[in-house]
Each structure stands twice: as structure tokens, then as C-alpha cells.
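Okay, so here's the structure we're looking at.
No lab work stands behind these numbers, since they all come straight from the coordinates. All of these numbers come straight from a predicted model, not from anything done at the bench. Cβ placement follows ideal geometry from the backbone for every residue including glycine, while neighbour counts extend to all protein chains displayed.
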Amino acid sequence: MRLEPRPGPLTTGLAVPADWAPGRLRVVLTERGLDDEVTRTVVENLDAQAAGGDLEQAFARVPADLLRRPQALAAMAEVRTVAGSLQRIEFPPGSALAQRVLWPALAVESNGMEDARFVRFTAPNGAVDYRATYTAHDGRQIAPRLLTSPDLRVFTTSPLTGPAARNKGMALFPRLLRGRHVALCRSDGETTSVATSPDGQAWETRRPVHLPRASFEVLQVGNCGSPLETPAGWLVLTHGVDQYAPAPSGRSCSTSTTRPPCWLRCLLADLTVDLDGVIATSAASHSARRPFGPPRLPPSLGIGGS
């Protein structure tokens, strides 16, 4: 890896509204518990419009008797917030990649955008784009979100849903497996699992593939990024955390008096995705047992040793 100086001043890009895919807003609202009659009416009004829809028109067409209900204004405010959580960020055409900074633009990101795991994704037809999961933090809670970009100049940021889209640490596979999107996740906060999705946005029930076992994984394990495809299977670098202690600021940080808290491990997994989305996994782990430098890779990978 080579680090080069930035060619000019930084730019945070311009945030503009983006159009929801048909039915997607309804899914996000339902997952957040917004499924009352007022919300359903607003969504139905949006669905009745042309592609993209106009939220203000959808609000205006809510019947007067529904607007008189005590929860109506609060429900519409929640719909407005969720609808605005889909955005497109556009950087100037003449800007260099090293000048572009993805800056928090939503309330859900007000305390930061963390742990982005980028991957170059290749569709079955050969089309390529760039995707990343990241964690949005508003100071009280976190939310997993998705970034997509065809060229690393224009980005779309959207919420992820489903039982596997919880907590931090999702990492996308670089291609479909038997027609389904696949991702590593840590939705229980402890275990590395594999989940599938029909569209890359709604993630279904996970299946564990790597549970904490070693002493340096006593608290949790997590991936270090998207899996790499090798002749022997999918290579995943994982990390383990062994102890937590309160930091002076009140947040938690990893500490250990005998060794650094994070250790690397290689996980080689052979995944089979059935047509109904069920995943069969077989995995062999190769502990790096050292906190610095690249882990020792098994020779069967065919990509060189350490």
C-alpha cells in the first residue's frame, strides 16, 4: 500500500434526495414499528404516484378524519424522517478521489459514520459498482447502513433492514452466490455469521460460521473486511477481543495487561447457498497468534504465504 498526498482541498459533496424503490419505504417503516393507519395511507398515496412520488402530495391526500387522530402528526413526522434517510451524495466531477469526504448528512449519522467496509461488486452481467456497509451513530444508538456507487463520485446511502442487519460489522461478498446477496454479519454482537438477501438491503436470518473459541476471542469475534475468493474457498480475516475496561470518557475500550487485545485469525470457508437461501458452511481456522503484521496464510489458498 502506498499513501500519497492529497491533490487539493477536501470536499464533502452535495446531499440531494433520492427516489425509493417501489415497496422499499414500506419495509423500512414497518421494521421501525410504523404500521398504523396514517402511515399506511401515506405510503399508499406514494405508491399511487409516478416513480419517485412526492411526499408532500402524499401527506396532502390523507383524509381529514385520520389527521384528527392524536398520533397523526407524530406519525407523519416519523414518515418524513424515514423517507429522508435515503440520500444521494454527489461530488464535483472535477474532484479527485482523495479529495472526497463522506460527511454525516443525516440525523442518524450526527455522531459519526463508522467502520465502512468497501468492496468492488461484480453483477452476473459483468457490471461493476462499489458498495460498503457502515455504522451510523446518533449519540444514542447505532444503525447499519449501505453505501453504493457506480464510480466513487456519486454515492447513495440507505438503511439496511432484516434480522441479520443488526449491530456492527457487516461485510458484503463481492458477487452473488446462486442468485443471492451474501454478507458476513455480527448481529448478536459476538459471533461471525453469514446471511443472505434477495436485494442486498433486507437481510434474512443469519447462520453462525465462527463462534468465539480462543482465549483472545472471549468477548467477541468480527471480520476485518469482505471475504476474498481463492481456489480453496472464501478467505476471511477475523479479529478477536479478549477484555473490555471502562475508558475515562465513559466509553469502552479494549485493554490487556499481557498482550494487545485484538488478534488476527484466518478463516477459510466453503459456502453452499441453496435455492431457498439456506447456507451450508464448512470452515477451518488458522490462528495468526500475533497482533502485528500479516497473518500466516495456509499454503492451500494458492495466493502465497505470509
By Cβ neighbour count within 10 Å, fewest first, ASP151, ASP188 rank ASP151, ASP188
Between ARG61 and ASP35, what is the FRET efficiency for a Förster distance of 22 Å, r being their Cβ-Cβ separation, to the nearest 0.05? 0.70
Efficiency of FRET between VAL16 and ASP188 - r from beta-carbon atoms, R0 30 angstrom, step 0.05: 0.25
Given a Förster distance of 35 angstrom, what is the FRET efficiency for ALA50 paired with GLU229, based on the Cβ-Cβ distance and rounded to 0.05? 0.30
Can you give me the C-alpha center-to-center distance between the stretch 1-19 and the stretch 109-131, rounded to a whole angstrom? 15 Å
Point-to-point label distance, LEU97-ALA116, nm (Cα→Cβ direction, 7 Å offset): 1.2 nm
